[in-house]
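Trainee: Please read through the structure below; I'll follow up with questions.
The values are calculated or read from the model by the stated rules, or taken from the named source; none is laboratory data. This one's a predicted model, so the numbers in the text were calculated from it and none came from an experiment. As a convention, Cβ positions derive from the backbone with ideal geometry for all residues, glycine included, and neighbour counts pool all protein chains shown. Areas reflect the complete protein model, heavy atoms only, side chains present, ligands, DNA and RNA absent. Shrake-Rupley method; radii C 1.70, N 1.55, O 1.52, S 1.80 Å.
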Amino acid sequence: MSNAVLVSTIEKIVSGNKGILAADESTNTVQKRLAGVGVESTNETRRDWRNLLFSCADAAPFIGGAILYDETIRQNAADGTPLTEILRQHAIVPGIKVDTGAKHLAGSRNETITEGLDGLRDRLAEYRELGAGFAKWRAVINIGEGRPSTNSIQANAHALARYAALCQEANIVPIVEPEVMMTGGHSIETCYQVTESTLKTVFSELNMQRVDLEGILLKPNMVISGKDCPTQASSERVAELTIRCFSHAVPAIVPACVFLSGGQTEVQATENLQAINASGQIPWIMSFSYGRALQESALKTWAGDASKVDAAQRAYAHRARCNAAAAGGTYNASLELEQDNA
Ligand code: 13P
């Protein structure tokens, strides 16, 4: 029997074609994103940006969970309301990134191992107190000269499984995220091979650590052409190979795959999700857990200007609506025009 708490949390997050807002950028990464629109990264600007997203009532019907960073889960909005409380008021489950980042894997050529297992049991207990219903751990798999190595896939899969088991022990749903990066000139076929062997290794390790597969969310990359590949596969091809790959590697008992956007444009990430859901019979809910592909337009619109909060929220709500439509297989290009008329 699966753990009822985990199953009910997953239901809250992905039912009704909802997806996840990934707003768990580390302080370094969010600093880069804010600098990109001319905003200095401070405790307050980071809080205001996250608050803009979390308090967006028009996006809330399409968002079931939001992933926070350690700083954010402890922050209050300017009026003193905890940011986690604002999420709960909008029926959005707060989640927390618990890995401590991808570090150089000893003995490898430019490969990483994600760290954060030491002390994780205690940290999870604290995050549960702070309101987290789910957690995230991201493993990074790079494609390139001699990469990925078997040992980097194995080490990262092992860490993901140890993390997932600890989460379930704490009644926290683990998001298991093995990200095969889009960076590089590789073909979609290479992405297929690497994604398949990564996912197979991850599920073998999850089974080894006795993780309940009905109580996880998988956060995979789509099977997609490398960013610098001269031939870019169509959405239909992305959908076809993603589903074929998952049919080989992801057990049908896993309740949902919530894709990362990974450097796709906002519209591309939506179109690809739509193509996946338009492909007919698949055993998993296929939804989104996007960072950049939900935030990019909204961040540019806001750019730190308090008078632009409403317009930025409209941009964010629009992407959330489009992605939820894609999760339900009902997105089409005409939806993109509706933002201006909303
Ligand atoms: P992107 O959608 O921007 O890839 O971010 C998702 C995420 O959480 C990566 O860990």
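Trainee: Go through segment 247-258 and report how many residues are touching a Phe, Trp or Tyr at 6+ places or on another chain (Cβ under 8 Å) and away from the ligand (no atom under 16 Å from the Cβ).
Mentor: Matching residues across segment 247-258 total 6.
Trainee: Let me ask another. Only one of these conditions is not met by GLU296: (1) within 16 Å of the ligand (Cβ to nearest atom); (2) open to solvent by less than 60 Å² (accessible area, probe 1.4 Å). Which number is it?
Mentor: Every condition holds for GLU296 apart from (2).
Trainee: Looking at (1) within 14 Å of the chain's Cα centre (by Cα); (2) surrounded by fewer than 23 Cβ atoms within 10 Å (Cβ to Cβ); (3) polar (S, T, N, Q), find the lone condition where GLN264 falls short.
Mentor: Of the numbered conditions (1) within 14 Å of the chain's Cα centre (by Cα); (2) surrounded by fewer than 23 Cβ atoms within 10 Å (Cβ to Cβ); (3) polar (S, T, N, Q), the odd one out for GLN264 is (2).
Trainee: Which pairs do you get when a residue that is farther than 20 Å from LEU213 by Cβ, found in segment 247-275, comes within reach of a residue that is within 16 Å of the ligand (Cβ to nearest atom) and in a loop (DSSP other than H, G, I, E, B), reach meaning Cβ atoms under 6 angstrom, with the pair 6+ apart or on two chains?
Mentor: GLY262/MET182; GLY262/ASN221; GLY263/MET182; ALA269/SER261; ASN272/MET222
Trainee: Condition (residue is under 22 Å from the mean Cα position of the chain (by Cα), farther than 20 Å from GLY38 by Cβ and polar (S, T, N, Q)) applied to segment 287-303: is it met by at least one residue?
Mentor: Yes, segment 287-303 has at least one match.
Trainee: So SER261 ticks every box in (1) closer than 28 Å to TRP49 by Cα; (2) in a helix (DSSP H, G or I); (3) within 16 Å of the ligand (Cβ to nearest atom); (4) not aromatic (Phe, Trp, Tyr) but one. Which box is left unticked?
Mentor: Checking SER261 against (1) closer than 28 Å to TRP49 by Cα; (2) in a helix (DSSP H, G or I); (3) within 16 Å of the ligand (Cβ to nearest atom); (4) not aromatic (Phe, Trp, Tyr), the one that fails is (2).
Trainee: Moving on. Suppose we keep only residues that are among the aliphatic types (A, V, I, L, M) and within 22 Å of the chain's Cα centre (by Cα) within segment 88-107. Which one would you say is surrounded by the most Cβ atoms within 10 Å (Cβ to Cβ)?
Mentor: ILE96
Trainee: Could you give every pair whose Cβ atoms fall below 7 Å, whose first residue belongs to segment 22-35 and is under 17 Å from LEU53 (Cα atoms), and whose second residue is among the aliphatic types (A, V, I, L, M), counting only separations of at least 6 or pairs across chains?
Mentor: From residues that are under 17 Å from LEU53 (Cα atoms), the pairs are ALA22/ILE67; ALA23/LEU53; ALA23/ALA66; ALA23/ILE67; ALA23/LEU68; ASP24/ILE67; ASP24/LEU68; ARG33/LEU299.
Trainee: Sticking with this one: Looking at (1) farther than 27 Å from VAL37 by Cβ; (2) more than 14 Å from the ligand (Cβ to nearest atom); (3) touching a helix residue (DSSP H, G or I) at 6+ places or on another chain (Cβ under 8 Å), find the lone condition where GLU271 falls short.
Mentor: With (1) farther than 27 Å from VAL37 by Cβ; (2) more than 14 Å from the ligand (Cβ to nearest atom); (3) touching a helix residue (DSSP H, G or I) at 6+ places or on another chain (Cβ under 8 Å) applied to GLU271, the lone miss is (1).
Trainee: Please list, ordered by residue number, the helices (runs of 4 or more DSSP H) wholly in segment 108-209 having 1 or more residues that are open to solvent by less than 10 Å² (accessible area, probe 1.4 Å) and under 27 Å from SER225 (Cα atoms).
Mentor: 150-169, 188-208
Trainee: Which residue is most open to solvent (accessible area, probe 1.4 Å), if the candidates are limited to segment 6-19 and must be of a type in the set (S, T, N, Q) and under 21 Å from ALA164 (Cα atoms)?
Mentor: My answer is SER8.
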